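Structure record follows, encoded as structure tokens.
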Amino acid sequence: MFTGPFRRALRHAALAGLAAGAAAAILLTPRTASAQTKAPAANACLTCHAALGDARLSKPAALFSAPDVHRENGFACVDCHGGDPSNADKARSHDAAHGFKGKPTGKAVIATCARCHSDPELMRKFAPRQRVDQAAEYATSVHGKQLATGDTKVATCISCHGAHGIRLVKDAKSPVFPTNVATTCARCHADPRHMAGYTLADGSPLPTTQFADYQKSVHYAAMTKGNDLSAPTCNDCHGNHGATPPGVGAVANVCGTCHAIFSQKFQASPHATLFDKGCVECHSNHAVLQPSDDMLGSKGHAVCATCHSATDKGGAGADAMRGSIDKLKGGIDDSSALIARVKNAGIEVTDNELALVEARSHLTLARTEMHASNPAKVDAVAQEGMKILTGVNQGGEQATQELRFRRTGLAISLGAILLVVVAIGLKVRQIDRRQH
């Protein structure tokens with residue numbers, strides 16, 4: 001039998017030996033492929049191309065050495081271009097026996113990108129959430145269909161994402177980041193020479209003013225000035241990989257993706273079956289300006305006046321809707337001014353301010369209801385808003401009366417105080433005379 005101290009010493013020695021043995025085993029046992037950090041393979045492509053004097057050949061190496069999502073995930077030149085990246089000899093590194101393909105163009109670009117991006121097993125390792133049907137979707141797009149006919153001018157993957165120095169979509173410097181999409185599309189679509197020969201469905205030349213028009217729009221302002229990345233840009237309406245012009249019947253559906261209530265009201269209007277271009281008839285497509293009440297009515301620059309006059313039913317209905325909206329808007333302005341005056345005088349008006357918010361909501365609802373082209377419904381919403389304003393005005397008048405009462409009381413109080421002060425002054429003078 002070992003004594004207690006001896007047993008403890010023996011146990012400590014055994015544990016130390018096991019730890020040392022485990023450490024030795026870790027050091028001596030080869031690591032598995034999943035845990036092994038591979039040394040970067042020799043890449044003569046970058047070394048050679050970086051030293052070339054021709055910028056056309058050296059720029060790809062510089063871009064690939066900069067932030068690039070493929071390089072950062074372990075991909076190299078050979079994965080897209082083929083060849084032997086470990087051989088510094090040009091002829092051997094470009095040997096077709098090593099699968100050298102050179103610079104992919106046209107359909108070869110789609111095939112090269114799709115080899116990885118259409119492989120679910122491979123993509124699961126790098127970007128599990130990324131879709132793997134981009135190539136199939138691209139084939140259905142206007143770009144893909146043109147490419148299938150042999151048109152090499154159309155956009156392919158590298159036209160939008162770049163070929164080297166490719167960044168993640170969420171990277172603000174990526175050409176497909178929301179704030180950069182329009183500029184990227186404009187590289188082709190705003191170039192008259194590049195777009196020469198392309199036509200619309202009716203045979204007319206495809207315009208090249210879309211980007212300039214979009215820069216005038218409320219959507220562009222919301223994105224660039226309001227920093228609203230959810231504001232629509234080219235691919236929100238046209239799609240990205242499956243890019244195609246919205247059809248005549250699809251325009252309202254495209255706009256309705258964001259403006260659901262307006263789309264629903266429009267579908268119930270008599271214009272839904274008459275307007276060939278849906279929302280575009282009144283709001284345009286790329287140059288969507290800030291809407292205003294001046295667009296409604298049969299007079300002046302109103303959009304309705306394009307088709308209607310004040311003497312026909314449509315024009316009379318437009319004028320009636322404009323009148324209901326203007327009445328509510330004017331009432332809100334008057335009530336707001338009243339409440340602002342009494343609030344500035346120190347009267348509590350929180351309840352009236354909340355009621356004004358509700359009245360403004362009814363103004364918005366009336367403007368929304370206008371898309372159904374039903375004057376009766378617009379007037380009903382406006383009348384509900386006017387009822388709210390009636391309560392606000394009553395509260396404002398009561399506050400005004402209270403203010404008058406306070407001011408009258410204050411004047412009387414100040415007068416009484418003044419009389420007391422004068423009386424005290426006279427009394428003091430009287431006492432002073434007696435003492436002298």
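If you go through segment 40-51 and pick out every residue that is outside any helix (DSSP H, G or I) and touching a residue at least 12 places away in the same chain (Cβ under 8 Å), you end up with 3. Within segment 323-350, the set of residues being under 30 Å from SER269 (Cα atoms) and either among the polar types (S, T, N, Q) or not in a helix (DSSP H, G or I) (or both) comprises SER324 only. The single condition from (1) basic (Lys, Arg); (2) within 23 Å of ARG71 (Cα to Cα); (3) under 29 Å from the mean Cα position of the chain (by Cα); (4) part of a helix (DSSP H, G or I) that LYS173 fails is (4). Taken together, the residues in segment 266-313 that are part of a helix (DSSP H, G or I) and either within 23 Å of GLY256 (Cβ to Cβ) or of a type in the set (Ser, Thr, Tyr) (or both) amount to 15.
Contact map, segment 75-93: first residue closer than 20 Å to THR105 by Cβ, second residue among the hydroxyl-bearing types (Ser, Thr, Tyr) and not in a loop (DSSP other than H, G, I, E, B), Cβ cut-off under 8 Å, separation 6 or more or different chains; pairs are CYS80/THR112; GLY83/SER93. Note on segment 191-230: residues that are aliphatic (A, V, I, L, M), assigned to a loop (DSSP other than H, G, I, E, B) and over 22 Å from the mean Cα position of the chain (by Cα) amount to 4. Selection of helices (runs of 4 or more DSSP H) fully inside segment 52-157 by the criterion of at least 3 residues being among the aliphatic types (A, V, I, L, M) and within 24 Å of LYS173 (Cβ to Cβ) returns 55-65.
Determine, yes or no, whether THR199 is more than 16 Å from THR183 (Cα to Cα) and either outside the structural domain of ALA318 (by TED's automatic domain parsing) or in contact with a Pro (Cβ under 9 Å, 6 or more places away or on another chain) (or both). Yes. For segment 200-222, a tally of residues being among the aliphatic types (A, V, I, L, M), at pLDDT below 95 and surrounded by 13 or more Cβ atoms within 10 Å (Cβ to Cβ) returns 1. Inclusion of ALA320 among residues that are within 15 Å of THR400 (Cα to Cα) and assigned to a helix (DSSP H, G or I) is not warranted. Scanning segment 241-280 for residues that are without any contact (Cβ under 8 Å) to a residue 24 or more places away in the chain and either crowded, with 17+ Cβ neighbours inside 10 Å or touching a Gly at 6+ places or on another chain (Cβ under 7 Å) (or both) turns up PRO246, VAL254, GLY256, HIS259, SER263, PHE275.
The values are calculated or read from the model by the stated rules, or taken from the named source; none is laboratory data. Since the structure is predicted, the reported quantities are computational estimates derived from the model, not experimental observations. Here the Cβ is made from the backbone with ideal geometry for all residues, glycine too, and neighbour counts use every protein chain on show.
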